[in-house]
Structures are given as structure tokens and as C-alpha cells.
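J.: The following block contains the structure, expressed as C-alpha cells.
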Amino acid sequence: MADLFLGGAIDPASHERTTDDAASHVSVATDKLTTHGVIVGMTGSGKTGLGVIVIEEALAAGLPVIAIDPKGDLTNLCLTFPDLAASDFRPWIDEAQAKNADKTPDQFAADQAALWTKGLAGWGLSGDDIGALRSTTDFTIYTPGSQSGVPVNIVGSLQVPADMTDAEVVSDEIEGYVSGLLGLVGIEADPLSSREHILLSNLIHHSWTEGRELDLMTLVGMVGTPPIRKLGVFELDQFFPPADRMKLAMQLNGLLASPSFASWAAGPPIDIDAMLFRPDGSARCAIITTAHLSDDERQFVTSLVLSKLVTWMRRQSGTTDLRAMLYMDEVAGYLPPTANPPTKKPIMLLMKQARAFGVGVVLSTQNPVDIDYKAISNAGTWMIGRLQTERDKARLLDGMSAAAGGVDIAAVSDSIAGLGKREFLLRRAGKDEPEIFTTRWAMSYLRGPMTRDQIELLMSTERVEAETQAAPTASSGVPAQPTPVPGAVTPVPELAADESAVMPQIADGVAVRYVDVAAPWLSEVGGDARGQRLEIAAVARVALRYDETKADLVHDEEFECVIHPLSDHIDLERTLQVDYDDRDLRTDAPSGVAFVLPDAKTANKTFWSGLERDLRDHLVRTLSIEVPSNASLKTYGRPGESSDEFETRCLRIANERADKEIAALRDKYESKAKRLRDQIETAEDRLDVLEEQSKSTRNSELLSTAGSVLGGLLGGRKSGGSLLGGLLGKAGTAARRRGSTNAAGERVEAQENKVARLVEELDELEVELAEEVTEIDARWMATAKEIETLTVGLEKSDVQIAQLAAAWFPTA
């Protein structure tokens with residue numbers, strides 16, 4: 001057992017401490033807080049400072065603390081500076097306060113350091129005491145739904161309890177989760193009568209019984225197709241029809257559809273034991289701040305933490321001294337006198353049962369009239385500061401009377417009336433006379449709520465450690481882009497002048513639809529999925545046919561649009577083209593909505609027929625499609641064909657036509673070339689003949705001359721005169737033969753020249769062909785690139801209104 005040093009006794013008349021030494025110190029024994037405590041005081045009374053001091057003392061005594069902080073003030077517990085140096089204070093001062101004090105931030109930080117040093121010294125405290133507190137305690141700021149501090153995986157908080165044998169413990173934990181979850185989507189559910197609560201509770205219990213863990217996404221999916229067929233003695237579909245279950249599933253899935261909800265799956269799951277104790281068993285201070293959350297989100301988080309705490313508590317052995325402390329700042333919204341938010345039951349249960357398990361609860365509030373005094377009637381320690389109104393004081397005295405029995409109400413009332421700032425009346429269990437004391441100086445720097453950036457800076461190391469320690473599971477995350485399924489519209493409290501609880505009359509024959517809040521185009525028309533006011537619009541589905549004879553084009557399209565607002569003179573230029581399907585337009589009207597009275601005469605058939613006519617004219621006038629075209633090629637694109645694709649097609653066609661023209665040209669030149677090749681062949685054949693003849697003539701000349709001479713020489717016995725005459729005759733004949741050989745050579749040369757001339761003509765013909773082929777190819781390639789845009793419009797006969805319906809959509 002330890003004593004929690006809270007402050008010192010004062011003289012109520014002079015408001016001065018009775019002594020400056022330990023003789024006047026006021027403390028509360030830890031075992032007295034097993035009967036719980038209540039701190040009450042108006043804004044500015046010092047209530048928050050007293051709460052911080054109570055937590056500091058508990059931690060200094062080695063007791064772990066869970067502090068639920070809806071306003072952000074308790075984050076100051078992390079601002080403890082053993083050196084009490086100005087440089088330690090500087091990053092955390094409120095510079096606006098420094099400016100108001102007409103001081104620089106550095107000067108203001110120095111003043112704060114001096115102020116804290118002096119203030120602590122007045123109570124016999126110093127930086128050594130702060131250092132001792134820091135060395136024995138881990139401070140962690142948990143920020144559910146935010147990454148600024150250590151995030152908490154709320155989505156994955158449906159882990160199977162370690163012990164399923166205690167049915168009451170399991171039931172309470174399920175009830176706390178389900179109550180908070182339904183409250184988050186606006187359903188105030190009685191666990192005994194609400195079918196939503198009963199269904200969700202049974203689904204969780206069924207999964208836990210089978211040893212299967214859940215996350216929110218899985219739970220939402222089970223609502224539509226439950227793995228159970230009966231609830232009690234009734235068939236499930238009879239007790240909770242499928243359409244109604246789907247409505248609930250869509251409400252819950254709205255949480256998953258929110259981009260911001262992904263942060264609720266980050267960080268470790270709620271583990272009370274890990275929040276309270278280090279692995280070596282030493283104490284921790286878990287500050288769960290919910291200042292950044294909405295009221296419903298705070299209820300959900302707080303009820304879940306409290307339910308987990310109850311489960312943890314019931315697994316502890318009994319003790320007469322304090323084992324752990326729960327501190328709740330500003331408890332009014334969580335413990336109202338008449339309403340039953342999901343946090344109320346676990347708080348009441350803790351106030352009644354926690355004592356036996358050594359868990360002390362300290363509740364703080366500035367609004368005594370807004371708390372249920374039946375819940376705090378078990379509180380044994382009351383610390384009351386200045387109150388704002390006599391009504392607050394009267395209500396508080398009633399509660400104290402119920403809790404403390406023989407208290408002197410008149411004396412207490414007079415004492416409360418005379419309290420100053422940081423002065424409190426202490427009412428202990430078992431003591432008739434209350435005490436008046438002033439709080440000691442807090443070791444923590446009370447700078448007020450910290451910003452998210454400051455919390456992020458302060459918890460950078462703890463956040464990294466938590467991320468590494470968080471066990472990733474396949475079922476603990478939220479999908480990156482969950483399907484945005486709608487939620488139901490809540491009842492409208494009252495009707496405005498332009499609203500009606502009954503749908504205004506719509507002309508006979510006109511379909512009436514209700515836009516589903518999950519329609520992806522709802523916001524584009526000014527709708528609000530959370531809205532309770534339904535405004536009328538017209539939705540149309542139109543069949544369009546684009547027809548262009550010269551392009552051989554017949555293209556059908558479906559055009560869907562929303563026309564809003566509806567009036568006697570509709571501006572169809574504001575028509576919004578959307579892509580809707582039948583799921584976006586429901587036939588069943590939502591409950592609890594108000595219909596905005598339309599300006600248009602929607603009850604008249606002529607309004608709708610006129611709207612259909614005007615819409616057709618508008619579409620004929622404004623809609624068209626554009627396709628690429630090539631007039632030279634007489635080629636036209638098709639809707640959806642890109643310019644690159646069309647150009648490629650034109651190039652292919654141009655190539656084909658160029659090839660055709662080149663083929664004709666090749667035929668023309670082939671005949672000329674054939675003739676020249678024939679002439680060349682004939683000339684070469686003649687050249688061969690002439691060359692052969694020339695060779696033969698030369699040989700004959702040589703042989704003849706040689707023969708004549710030899711014959712003359714060897715031809716027998718002749719006279720010299722006759723021999724000489726014969727030789728001379730033979731020589732003349734040889735000369736004549738040599739002249740014949742020279743003529744043959746000239747004929748060969750002439751023929752060779754003719755062959756060369758013909759070959760040159762063939763070469764020139766081939767060059768001419770190549771030049772013409774190149775020109776043809778270039779001309780067709782240029783033609784292929786002569787691409788223009790052809791606009792294809794609509795005629796009235798091309799526009800067929802397939803659907804024109806009145807559609808009511810929710811707005812803010």
C-alpha cells in the first residue's frame with residue numbers, strides 16, 4: 001500500500017496552506033481508491049491538473065494506469081523534464097501564450113522552466129522526482145483512427161478470447177464491441193431487443209465458438225449471408241428478413257468505404273495487459289486520446305477499451321490493494337443519467353465489481369448534472385472543486401449523500417461555495433469531516449492539448465516499436481478500396497416549409513425510382529449519401545444511332561443522363577451524363593426521409609412528354625461523334641478507332657493501291673524490256689556468228705599462204721622461173737585473203753557496238769521504271785496522310801428514349 005500525495009491542507013478562510021512542510025500534506029492511500037474516486041470541477045478549477053497529479057502518484061507508486069482522454073489534456077503526462085531546462089520546455093510551449101505575454105518563445109520557455117522549478121520546490125519536489133518517474137514508467141499515447149500517436153487496430157479487435165469458458169466474460173466483450181459498432185453507424189441498439197445487436201452478437205459468438213477470428217470486413221459480409229439459420233426459435237429469415245439484413249450490411253459497409261477508415265486497422269490490436277505492463281512486469285501509462293474523433297467514434301473506441309478491460313479484470317485474482325487504475329477524463333458523455341450509450345454498462349460494471357480485482361476507477365467531469373449518480377454511488381473518494389451553477393452543486397450533493405450516507409450537506413455546500421482555483425474538498429470514505437486542500441505542483445508540464453504533429457513527434461519511437469510488434473494477420477486489415485455499399489437514411493426530426501413526408505404526385509405511367517446512396521455518380525448531381533432530404537431528378541436512358549451513308553457507318557450507343565433541377569423551364573445544358581445501372585435505382589423508398597417539393601409540374605403527363613421531346617431535340621442539337629476520314633482514299637474511321645490506328649489502316653490501303661499501280665506499270669515496261677532483251681540476244685547471236693567467221697577467215701588465210709609457199713617449195717621438180725612465178729601468184733592470192741580477214745573484223749566490231757547500245761537502252765529503261773515506282777509510292781504515302789475529321793450528327797429518328805423516370809436522391 002502506498003500514499004498518493006495530492007497537495008496540502010489549507011485554511012478555508014485565508015486560502016493559505018496551514019504549513020509549508022509535510023505535516024500539512026494531503027494524501028490518499030492506494031487501497032482507498034479500490035472503492036474508486038470522483039473528481040468534479042468547473043472549467044478553470046484545476047480539475048485536469050488534479051487528475052494528472054493522481055496519475056503521476058499512481059505511476060510513482062508502481063501502479064499501471066489506463067487514461068482515457070477525450071479532450072487531449074492528459075497527453076501532457078508525457079511532458080516531464082528531469083533537468084527542468086528551458087531548452088526542454090521550448091518545443092512544447094504555446095507560442096500564442098508567449099505572444100500574449102509579450103515575450104519571445106525562448107523567454108517564455110525560460111519563464112516556464114523557472115516557474116516549474118519553483119512550483120515543485122514549494123512542495124519538496126525536484127527534477128530528481130521527475131527523473132525517478134521517467135525511469136520507472138513507459139508513457140504511450142494511443143491514437144485510434146490516427147497515425148499521429150501509436151495507432152490501435154480497432155478493426156482487428158475481434159480476436160477469439162484466450163478463455164471461452166467464462167460465458168459472462170465473452171458475452172460482455174461481444175456486447176461492448178457490437179454496441180459501439182452500431183452506435184458508430186447511428187443505431188441505438190438494446191442488446192436484448194435489437195435484432196441488429198442480436199444478429200451481430202450471434203455471428204461473432206458463432207465464429208469464436210468455432211475458433212475463427214473475425215475482422216469488420218468479414219463480419220459485414222456475414223450479415224448478408226449468415227452461417228446460421230435460426231435465432232432462438234425463429235428462422236433467421238423470419239426474424240431478420242434478407243432485405244433488412246442487407247440494409248444493415250450496407251450501413252456497416254459504409255465504414256469500410258470511407259478512405260479514412262483504413263487507419264483504424266493500423267497498429268497493434270487492443271491488448272490491456274500490454275498497455276498496462278512492460279514485458280518485465282513494470283508499470284506503463286497508456287493514454288488513449290480520442291480528441292480527434294467524432295462523438296460516435298469516441299463511444300465506439302471507449303466502449304471497446306472498457307469491454308476489453310472488464311475481460312482482463314475478470315481474469316485477475318482477488319486483492320485488497322490497488323493493482324491498476326482507470327482514469328476517465330470528462331466522463332459525462334459516457335455515463336449519462338437516462339440514455340444508455342455503449343460505454344455506460346462497462347463503466348457501471350467496473351464501479352460495482354472492479355474493487356474485488358484491485359482495479360480502481362477515477363472519473364472526472366465538469367458537468368455533474370450530466371452523469372448517472374447511481375453508477376458512482378460506489379465511489380468512496382470525492383474531490384470537488386469550484387462548480388459553475390447552484391444546480392450543479394445541488395446535484396452533486398445529492399450524489400454525495402447517496403454515496404456517503406451521513407455527510408453534512410450544509411457544511412459541504414458552504415465549503416464548496418468558498419473554494420478557489422486549484423482548491424478541492426476531499427471527502428473520504430469512512431470519514432465524516434471533509435478536508436479542504438490545494439493541489440501540489442504537477443511534475444508534468446501542463447501546456448494544454450497537444451497538436452497531432454506534436455504527438456507524432458513525441459511518439460515517433462513508440463510508434464515504430466508498436467509497428468514492429470504488431471502481429472500482421474490476413475484478417476486484420478481493411479481492403480484498399482472497399483466497395484462503397486450504402487447505408488440507410490436516418491429519420492428526419494422535423495419538416496421544413498419546402499418538405500413533405502409523403503412523396504409528391506408523379507404523373508401516371510412515369511416510373512419512380514430512388515437513387516441508391518452507393519451510386520458512384522451521386523455526388524456529381526449534388527447528392528449526399530448521409531442526407532435525409534430527397535430531391536427529384538429525371539433519369540433517362542436513350543438509344544442513339546449515328547448513321548452516315550458515305551462512310552458506310554451505322555453506330556449504336558446508349559446515353560444515360562440525370563436531369564436536375566426540374567422546373568417548368570429546364571436548362572438541358574446542365575444535363576449530366578452518367579453511367580448508371582439498375583443497382584443505382586432502387587424501387588423501394590427509404591424510410592424516415594423528407595421529400596423536397598419540386599418546382600416542376602411533375603404530376604402532369606405533359607411535363608414528362610415535353611421533357612422527352614426537349615431532351616431529344618437537345619441531344620440532336622448537341623451530340624455527335626467524330627471519326628477520322630481520308631477523302632482521297634474514300635476511307636472512314638470507326639468510333640473508338642484512334643488516329644494512329646486509322647493512319648495505319650490508311651497506309652495499308654495506300655500500299656495496296658500503290659502496289660496495284662506499280663504492277664500495271666511493270667507490265668508496260670516489261671514488254672519494252674522484253675523487246676530489248678530479244679534484240680540483245682539476236683545481236684549477241686549475230687556477234688557470235690561474225691566472231692566465228694572472222695576466226696575462220698584468219699585461219700584460212702594462214703593455212704592458205706603457208707600451203708602455197710610450202711607447196712611451191714616442196715611441190716616437185718620445176719624450173720626456177722616457173723617456181724618464182726608460182727610463188728608470186730600464190731603471194732597475190734594470200735594478200736587478197738588478208739583483206740577479207742580485215743573486213744570480217746570490222747563487222748564484228750560493229751556488232752559489238754550494237755549489243756552495247758541495246759544493253760544501254762535496257763539500263764535506261766530500268767532506271768526510268770525505278771523513278772516512276774518511287775514517284776508512285778511517294779504519292780500514295782502522301783495520300784495516306786491526308787486525314788481529316790468527319791463529324792456525324794444525329795437526326796430525330798436516330799434518338800429513341802428507352803427510359804425516362806423520376807428519381808429521388810438524398811441531399812444534405
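The values are calculated or read from the model by the stated rules, or taken from the named source; none is laboratory data. Note that this is a predicted model, so its numbers are computed, not measured. Neighbour counts are summed over all protein chains in view; Cβ atoms, including those assigned to glycine, are modelled from backbone coordinates with ideal geometry. Keep in mind that these areas ignore ligands, DNA and RNA; they rest on the heavy atoms of the full protein, side chains included. Shrake-Rupley method; radii C 1.70, N 1.55, O 1.52, S 1.80 Å.
J.: Could you order the peptides 442-452, 767-777, 560-570 from most to least packed, using the average number of other C-beta atoms within 10 Å per residue?
T.: Top to bottom by mean Cβ count within 10 Å: 442-452, 560-570, 767-777.
J.: On average, how much accessible surface per residue is there in the range 292-432, in Å², for a 1.4 Å probe, leaving out ligands, DNA and RNA?
T.: Heavy-atom SASA per residue in the range 292-432 reads 37 Å².
J.: Need one number: nm distance between label points at Arg545 and Thr774, each 7 Å from Cα along Cα→Cβ, rounded to one decimal.
T.: Once both label points are built, they end up 5.3 nm from each other.
J.: Follow-up. Sorting check: for 788-794, 367-373, 262-268, 304-310, which peptide has the highest mean count of neighbouring beta carbons within 10 Å, and how do the rest follow?
T.: Taking the mean over residues of other Cβ atoms within 10 Å, the ranking is 304-310, 262-268, 367-373, 788-794.
J.: Ok, one more. What is the list of residues in the range 131-155 whose amide nitrogen lies under 18 Å from a point 7 angstrom out from the Cα of Thr461, following Cα to Cβ?
T.: 131-142, 149-151
J.: Assuming R0 = 35 Å, can you tell me the calculated FRET efficiency for the pair Glu188 and Asp271, based on Cβ-Cβ distance, to the nearest 0.05?
T.: 0.75
J.: Calculated FRET efficiency, Phe234 and Leu576, Cβ-Cβ r, R0 35 Å, to nearest 0.05?
T.: 0.15
J.: Could I ask something else about it? Quick one: if you stick a label point 7 Å off each Cα along the C-beta vector at Ala782 and Val160, how many nm between them?
T.: My value for the distance between the label points is 8.2 nm.
J.: What is the calculated FRET efficiency for Glu645 to Asp568, with r their C-beta to C-beta distance and R₀ = 45 Å, to the nearest 0.05?
T.: E between Glu645 and Asp568, to the nearest 0.05, is 0.45.
J.: Determine the sum of side-chain charges near Phe607: Lys and Arg each +1, Asp and Glu each -1, restricted to other residues whose C-beta is under 14 angstrom from that of Phe607.
T.: Once positives and negatives cancel, what remains is -2.
J.: Now a separate question. Based on Cβ point charges of +1 for Lys and Arg and -1 for Asp and Glu, what charge dipole magnitude is obtained for the range 313-367 about its Cα centre, in debye rounded to the nearest 20?
T.: Rounded to the nearest 20 debye, it is 340 debye.
J.: Let me ask you something else. Considering the Cα trace of the chain, what is its radius of gyration and what is Dmax, both in angstroms?
T.: Answer for the chain, Rg first and Dmax second: 51.3, 195 Å.
J.: Starting at the first residue of the range 628-644, write each ³J(HN,Hα) from the Karplus equation 6.51 cos²θ - 1.76 cosθ + 1.60 with θ = phi - 60°, in whole Hz, x for Gly and Pro.
T.: Once θ is set to phi - 60°, the couplings for the range 628-644 become x, 9, 9, 5, 4, 8, 6, 10, 10, x, 10, x, x, 7, 6, 5, 5 Hz.
J.: I've got another one for you. What does a probe at Ser24 reach in the range 432-446, counting residues whose amide N is under 14 Å from the point 7 Å along Cα→Cβ?
T.: 436-441
J.: Which value in deg cm²/dmol, rounded to the nearest 500, describes the helix-derived mean residue ellipticity at 222 nm for the chain, given -39,500 (n - 2.57) per DSSP H run of n ≥ 4 and division by the residue count?
T.: Estimated from H runs of four or more residues: -14000 deg cm²/dmol.
J.: Right, another one. If you find the alpha carbon centre of the range 28-70 and of the range 782-812, how far apart are they in angstrom?
T.: With the range 28-70 and the range 782-812 each reduced to a Cα centre, they are spaced 70 Å.
J.: For a paramagnetic label modelled at 7 Å from the Cα of Ala496 toward its Cβ, which residues of the range 570-599 fall within the zone defined by backbone nitrogen distances under 18 Å?
T.: So the set is 592-599.
J.: Where does the charge balance sit around Trp382 when Lys and Arg score +1, Asp and Glu -1, over other residues with C-beta under 10 Å from its C-beta?
T.: +2
J.: Can you find, among Phe277, Thr43, Ala417, the residue farthest towards the positive end of the dipole of the chain? Put +1 on the C-beta of Lys and Arg, -1 on that of Asp and Glu.
T.: Farthest towards the positive pole: Phe277.
J.: Excluding Arg395 itself, what net charge comes from residues whose Cβ is under 14 Å from its Cβ, given Lys and Arg +1 and Asp and Glu -1?
T.: Taking every Cβ under 14 Å from that of Arg395, the sum is -2.
J.: Past 27 Å, Cα to Cα: identify those pairs from Lys71/Lys431; Lys550/Lys785; Lys99/Lys393; Lys352/Lys431; Lys230/Lys374; Lys47/Lys393, in the order given.
T.: Those over the limit are Lys71/Lys431; Lys99/Lys393; Lys230/Lys374.
J.: Which ³J(HN,Hα) values, rounded to whole Hz and listed in residue order, are derived for the range 67-74 from phi using the Karplus coefficients 6.51, -1.76 and 1.60 in 6.51 cos²θ - 1.76 cosθ + 1.60 with θ = phi - 60°, glycine and proline given as x?
T.: Working through the residues one at a time gives 10, 8, 10, x, 10, x, 6, 6 Hz.
J.: First compute the accessible area of the chain with a 1.4 Å probe, then give the percent of it belonging to carbon and sulfur atoms.
T.: 50 percent
J.: Could you pull out every residue, at least 5 positions away or on a different chain, whose amide H is within less than 5 Å of the one on Leu4? Hs are placed 1.01 Å off N in the peptide plane, and Pro or chain starts have none.
T.: Under 5 Å from the amide H of Leu4: Val28, Ala29, Thr30.
J.: Still on this structure, please answer the following. Would you kindly state how much longer the chain becomes between Lys796 and Glu691 on full extension, computed as 0.36 nm times their sequence separation minus their alpha carbon distance, in nm to one decimal?
T.: 29.0 nm
J.: Using each residue's phi in the range 347-357, evaluate 6.51 cos²θ - 1.76 cosθ + 1.60 at θ = phi - 60° and report the 3J(HN,Hα) Karplus result to the nearest Hz, with x for Gly and Pro.
T.: Ordered by residue, 3J(HN,Hα) equals 5, 4, 5, 5, 5, 8, 10, 5, 4, 5, 9 Hz.
J.: Could you point to the residue in Leu687, Pro161, Ala511 farthest towards the positive end of the chain's charge dipole, with +1 and -1 charges on the Cβ of Lys/Arg and Asp/Glu respectively?
T.: Among Leu687, Pro161, Ala511, the one farthest towards the positive end of the dipole of the chain is Leu687.
J.: Would you be so kind as to identify which of Gly124, Leu758, Gly232 lies farthest towards the positive end of the dipole of the chain, taking Lys and Arg as +1 and Asp and Glu as -1 on Cβ and the Cα centre as origin?
T.: It is Leu758, whose Cα lies furthest towards the positive end.
J.: Placing unit charges on C-beta atoms (Lys and Arg positive, Asp and Glu negative, everything else neutral), compute the dipole magnitude of the range 531-677 about its Cα centre in debye, rounded to 20.
T.: 1280 debye
J.: Relative to the Cα centre, what is the charge dipole magnitude of the chain, using +1 at the beta carbon of each Lys and Arg, -1 at the beta carbon of each Asp and Glu, and rounding to the nearest 20 debye?
T.: Here the size comes out at about 1840 debye.
J.: How far apart, in nanometres, would the label points at Val554 and Leu597 be if each is projected 7 angstrom from Cα along the Cα-to-Cβ direction?
T.: 5.1 nm
J.: Rank by packing, highest mean first: peptides 575-582, 241-248, with packing defined as the count of other Cβ atoms within 10 Å averaged across residues.
T.: Descending mean neighbour count gives 241-248, 575-582.
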